[in-house]
Amino acid sequence: MRNTRIKTILIAVFSVMAFGLVIPVSAASSTIIFGDAGWDSMKFHNAVAMLIAEKAYGYETEEISGSTAITYNALLKGDIHVYMETWTDSIAPYQEDVEAGRLMELGVNYDDNIQGLYVPRYVIEGDAARGIEPMAPDLKTVEDLKRYNKLFNDPEDPGKGRIYGAISGWQIDGIMRDKIGFYGLDEMYNYIDPGSDPALAAAIVGAYEKGEPIVAYYWEPAWITGKYDLVLLEDAPYEPDLYLLGQCACPSIRLTVSANTTFYEQHPEYSEFLSQYKTSSQLTSEALAYISENDASYHDAAIWFLKTHDELLDQWLAEDKAALVREGL
């Protein structure tokens, strides 16, 4: 996404930053500052929460961009107030900071994100509307790929199949390579490093639009999984000791809404809204697909999202605040 899906932040990075690397921010107390660590889903959720802050509570809003390490450090120091999508597995001191009261965990945005090897649904079930017959009706698991290497043929190596893998340098890339070896797929498939997130997306989109077979690593939420009907191949149940060896499914990660402790204490009403903010991987993918299909800004996508899923306002907000947002939209 835009990010590795499994991002590793070393404690040493935070140790270095503790000696005074701070983002200089000067803002009035009526301004809420959101952290943007660089990926699309976080930017989208920021836009939704910023819109509600402005329409329902009368706050001004601002977004500060930077790496995960820099923005998280700024969150602890109060130069950033809110993190709408905190990848709790990627920030080494996160749990310790929450327990020590240096950071407030207000709730879980969503925890049903997934990643792994995907194929288009038409590969398994066909697509009558497009005149596509099922190509691999018995394909359900990663191990089943052994029977279908000819279907996923590598045009540059006709004797083997092709699996589009994760991006080199991402931690998940090593895990996926180990998975291919663990299941013996390396004997019949070439594992292809697409080189970049856009290149991986282009390979999937190109095959899907033509109705061709493809098997590729991807994740949810993402605009591709929101726009196209892809099926995650099943794997052995997640086990912490087996995961890094590539021998089981990838875990879902708790993506929390977190806030600077002082901000939380000074803004209890808005913090209460943040504690009620909950979406899902599917809703997030849907919004990202809208952005992609319509070349929309995150702000415009937030407006569309709140109009399309109006019921969420009643789940998140008191009646009078929900009415203000609807009027503002």
Residues of the stretch 57-95 that turn out to be touching a Leu at 6+ places or on another chain (Cβ under 8 Å) and among the β-branched types (Val, Ile, Thr), as a count = 4
Only listed residue being of a type in the set (Val, Ile, Thr), modelled with pLDDT under 95 and out of contact with any Pro (no Cβ under 6 Å at 6 or more places or on another chain), chosen from Ile175, Ile180 | Ile175
Please work out if Glu239 is surrounded by fewer than 19 Cβ atoms within 10 Å (Cβ to Cβ), charged (D, E, K, R), in the same structural domain as Ala202 (by TED's automatic domain parsing) and closer than 15 Å to Gln115 by Cβ.
-> no
Among the candidates Glu62, Glu105, Glu54, Glu125, residue that is farther than 25 Å from Trp170 by Cα, without any contact (Cβ under 8 Å) to a residue 60 or more places away in the chain and in contact with a helix residue (DSSP H, G or I) (Cβ under 9 Å, 6 or more places away or on another chain) = Glu62
Subset of the stretch 251-262 that is of a type outside the set (Ser, Thr, Tyr) and at pLDDT below 95 - its residue that is farthest from the chain's Cα centre (by Cα) = Pro251
Among the residues of the stretch 163-193, write down those that are on the phi > 0 side of the Ramachandran plot and more than 23 Å from the chain's Cα centre (by Cα).
-> Gly184
Could you grab me the full set of residues in the stretch 265-290 that are closer than 17 Å to Ile52 by Cβ, out of contact with any His (no Cβ under 9 Å at 6 or more places or on another chain) and of a type in the set (Ser, Thr, Tyr)?
-> Tyr270, Ser271, Ser275
Looking for whichever is over 20 Å from the mean Cα position of the chain (by Cα), modelled with pLDDT of 95 or more, at negative phi and not hydrophobic (A, V, I, L, M, F, W, C) here; the options are Gln276, Gln266, Gln247. Which one fits?
-> Gln247
Taking the stretch 194-213 as the search range and keeping residues that are farther than 15 Å from Ile224 by Cα and crowded, with 17+ Cβ neighbours inside 10 Å, which one is nearest to the chain's Cα centre (by Cα)?
-> Pro194
Candidates Lys140, Lys146, filtered to the one that is loosely packed, with under 14 Cβ neighbours inside 10 Å and among the basic types (Lys, Arg) | Lys140
From the list Tyr290, Tyr270, pick out the single residue that is over 25 Å from Glu60 (Cβ atoms), touching a residue at least 12 places away in the same chain (Cβ under 8 Å) and either of a type in the set (D, E, K, R) or in a helix (DSSP H, G or I) (or both).
-> Tyr290
Within 20 Å of Asp40 (Cα to Cα), in the same structural domain as Gly101 (by TED's automatic domain parsing), β-branched (Val, Ile, Thr) and out of contact with any Phe, Trp or Tyr (no Cβ under 6 Å at 6 or more places or on another chain) - does that describe any residue in the stretch 221-229?
-> no
Within the stretch 115-136, is there a residue that is in contact with a strand residue (DSSP E or B) (Cβ under 7 Å, 6 or more places away or on another chain), under 23 Å from Ala201 (Cα atoms) and β-branched (Val, Ile, Thr)?
-> yes
With the stretch 1-102 as the region, which helices (runs of 4 or more DSSP H) entirely inside it contain at least 1 residues that are surrounded by 20 or more Cβ atoms within 10 Å (Cβ to Cβ), outside the structural domain of Pro221 (by TED's automatic domain parsing) and modelled with pLDDT of 90 or more?
-> 40-57, 68-77, 94-99
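The values are calculated or read from the model by the stated rules, or taken from the named source; none is laboratory data. It should be emphasised that the depicted structure is a prediction, and the values quoted were computed from it without experimental measurement. Cβ: placed from backbone, ideal geometry, glycine included. Neighbour counts: every protein chain shown.
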